[in-house]
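Below is one structure, written out as structure tokens; the observations come after it.
The values are calculated or read from the model by the stated rules, or taken from the named source; none is laboratory data. What you see is a predicted model, and the numbers here were worked out from it, not measured in a lab. Note that we place each Cβ from the backbone using ideal geometry, even for glycine, and neighbour counts take in every protein chain shown.
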Amino acid sequence: MAKKNTKSDFITSGLVAQNRRAHFDYEISEVFIAGLELTGTEVKSLRLGHANINDAYGIEQNGELYMSNMFIAEYANKGYESHAEKRNRKLLLKKKEIIKIINELNRKGSTLIAIKLFFNEKGRAKLEIGLGKGKKIYDKRETIKERDWKREQARLLG
């Protein structure tokens, strides 16, 4: 039997999931905040923090943007109604932003990456997405060197 959740278990605002490798694997040029078209059980599952956006990427279908491969676990107390865990979820953006992103995605090497999934102050689920290009191995090594140097500086100064 599923564990009974109390009101205190729910996330009302703040971070739900984060893609920590996004800035390491991609050189992100522009960041957008998008709403998500979700079902009721998806929102309840998100409020419990049951989501993973590490493999999520954006795709364009019929002039609209969708986030593919984003995992939201099934809600345990769902009753008869449920949702698919990995389905394409529509991104809610302004028309100008959609056109800008689609034009950028048509260029070779551009990708739309999920960075953060969170609830805003109004309690709405939002997704921070970034337009980026994949980094080469030598760029990743440079990032690691830079991070190590900053850590070393902080240790020496502080």
Output for segment 69-95, where each listed residue is of a type in the set (A, V, I, L, M, F, W, C) and touching a residue at least 40 places away in the same chain (Cβ under 8 Å) = Met70, Ala76, Leu91, Leu92, Leu93
Say we look at segment 82-114 and pick out the residues that are loosely packed, with under 15 Cβ neighbours inside 10 Å and aliphatic (A, V, I, L, M); which of these is nearest to Gly63 (Cα to Cα)?
-> Ile99
Answer residue from segment 8-57, given it is polar (S, T, N, Q) and modelled with pLDDT of 90 or more and is surrounded by the fewest Cβ atoms within 10 Å (Cβ to Cβ) among those = Ser29
Restricting to segment 12-30, what's the tally of residues that are assigned to a loop (DSSP other than H, G, I, E, B) and closer than 15 Å to Lys126 by Cα?
-> 3
Sort out which residues of segment 96-128 are more than 20 Å from the chain's Cα centre (by Cα) and of a type in the set (Lys, Arg), and write them in order of number.
-> Lys96, Arg107, Lys108
